[in-house]
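What follows is a set of notes on a single structure, which appears directly below.
The values are calculated or read from the model by the stated rules, or taken from the named source; none is laboratory data. Just so we're clear, the structure is a prediction, and the values are computed from it rather than from any experiment. Here the Cβ positions follow ideal geometry from the backbone for every residue, glycine too, while neighbour counts run over all protein chains shown. Accessible surface areas use protein heavy atoms only, side chains included; no ligands, DNA or RNA. Shrake-Rupley method; radii C 1.70, N 1.55, O 1.52, S 1.80 Å.
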Amino acid sequence: MTAPRRILYLSPTAQLGGAEHSLLDLAAGLDRRRDEPRLLCLGEGPLLAAAARRGVAAEHAVAPAAFARTSLRGDRTGAVPLLAGVVQAAPTFAAVRRAARRVRPTLVHSNGNKTHLLSVPLALGGVPLVWHVRDFLRDRGPERALVRLAGRFAGAVIANSTAVAAHLERLGARPGLVRAIPNGIDLTRFTADGPRADLRAAFGWAPAARVVGMVGVLARWKGQEVFLRAVGELVARRRDLRFVVVGGELYTTRGHGDFERHLRDLSRALGLDGTVAFTGHRDDMPEILRALDVVVHASVEPEPFGRVIAEAMACERPIVWARGGGADEIVGPGGLTALGVPGGDVAGLAAAIERAVSERERMRSWVDEGHRRVVERFDVREHVARVQELYAQVARSRR
């Protein structure tokens with residue numbers, strides 16, 4: 001019997017946002033007869049313990065602050081600080097090489113821009129690389145240089161949506177390099193049946209209160225500010241509704257920090273005390289989603305995938321969503337498009353939320369359509385199978 005391939009996963013963070021949950025679902029879901037996972041994270045955080053609980057051996061490497069804070073999104077790092085961060089990361093490059101010598105991977109799977117760079121020396125040593133791109137890279141010099149590196153050193157690039165794949169090709173990815181493999185959802189966890197988070201009791205609301213929630217990491221491009229302003233338009237005519245903002249500021253890259261305080265200040269300025277609550281970061285996401293009457297996605301930039309949309313659909317929750325990018329692919333062309341709005345459209349978002357809570361006779365059809373679509377197209381088992389087949393192809397091509 002052939003020994004399983006050893007897959008070394010590289011994560012640029014040990015926090016647990018959507019990209020990390022998707023990576024962990026993949027690593028933990030591997031058919032161990034074919035592939036054996038090992039995870040290396042930059043820095044310490046909850047991803048390490050979560051991996052251990054799911055049977056994935058994990059360790060961390062220290063990354064200097066200058067490198068950890070570099071970002072190609074939001075508050076972008078300038079060219080000089082970006083170069084300085086990479087230079088200061090020399091010990092991290094060495095740590096990754098040491099980990100690779102211990103694991104002796106058949107293949108390395110990188111989950112973010114920083115680890116894409118850190119994986120290049122491994123490719124020079126003959127280890128096949130798979131890069132996973134879960135974001136829309138800007139059309140600028142550093143990003144195009146990264147795409148050129150992928151063309152030279154990666155055996156394949158996985159994009160988490162067709163929209164991201166097409167964007168990478170526009171940035172110059174060579175033909176055949178990029179494979180669109182959408183994220184998968186664990187349909188044994190994200191179900192309509194099961195316990196619900198007791199949000200109403202936690203915030204002193206009536207047990208029968210109807211609760212609308214926005215779920216996601218707190219970041220300006222995710223649109224929490226738009227959500228609060230939409231709530232500000234709604235409360236005068238829908239005093240029966242309550243609203244929650246679910247999520248925390250997880251990352252240490254430039255552009256993160258103090259956004260939660262800004263949102264709380266905005267909520268007070270809009271007179272929403274008692275109507276809007278903030279939960280902070282939560283790990284019980286299925287329970288949170290089941291507790292909501294309507295789930296809101298409000299990104300002001302095109303969403304690379306839109307994991308919370310698929311999770312809400314799996315839990316049979318109505319979803320109001322911002323159009324663009326991978327979100328369009330999750331929702332599809334059916335009836336759920338009725339609850340789609342342009343990103344950043346405050347009035348449109350308020351109207352869609354009101355429609356979702358008002359049209360109860362249509363809500364069941366929206367819920368059924370969403371659930372059916374996520375089961376047919378976004379089962380994590382199908383995602384894992386497609387990635388494992390890609391591993392086999394990349395490994396064969398390097399023999």
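Angle, helix 224-234 long axis vs. longest principal axis of the chain, Cα atoms, 0 to 90°, nearest 10? The answer is roughly 10 degrees. Short-range pairs are left out: with C-alpha atoms under 8 Å and at least six residues apart, the relative contact order of the chain is 16 percent. When the solvent-accessible area of the chain is split by element, carbon and sulfur atoms take up 51 percent of it, the probe being 1.4 Å. Cα axis of helix 259-269 to longest principal axis of the chain: angle in degrees, 0 to 90, nearest 10? Rounded to the nearest ten degrees, it is 10.
Given a Förster radius of 51 Å and the C-beta distance between ALA338 and ALA57 as r, what FRET efficiency does 1/(1 + (r/R0)^6) yield to the nearest 0.05? Given R0 = 51 Å and the Cβ-Cβ separation, E is 0.65.
Dividing the helix sum by the residues of the chain, where each DSSP H run of 4 or more adds -39500 (n - 2.57), gives a mean residue ellipticity at 222 nm of -13500 deg cm²/dmol. Over all other residues within a Cβ to Cβ distance under 9 Å of ALA19, the charged ones net out to 0, with Lys and Arg as +1 and Asp and Glu as -1. Rounded to the nearest Hz, the phi-derived 3J(HN,Hα) couplings of segment 358-372 under the Karplus curve 6.51 cos²θ - 1.76 cosθ + 1.60 (θ = phi - 60°) are 9, 8, 5, 5, 8, 4, 4, 5, 5, 5, 5, 5, x, 5, 4, where x marks glycine and proline.
Helix 18-29 against the longest principal axis of the chain: what's the angle in degrees, Cα atoms only, rounded to the nearest 10? Rounded to the nearest ten degrees, it is 60.
Per residue, the solvent-accessible area of the chain (1.4 Å probe, heavy atoms of protein chains only, all protein chains present) comes to 42 Å². Loop-located trypsin sites (Lys or Arg not before Pro) in segment 234-298 (DSSP state other than H, G, I, E, B) with a sparse environment of at most 12 neighbouring Cβ atoms within 10 Å: ARG237, ARG239.
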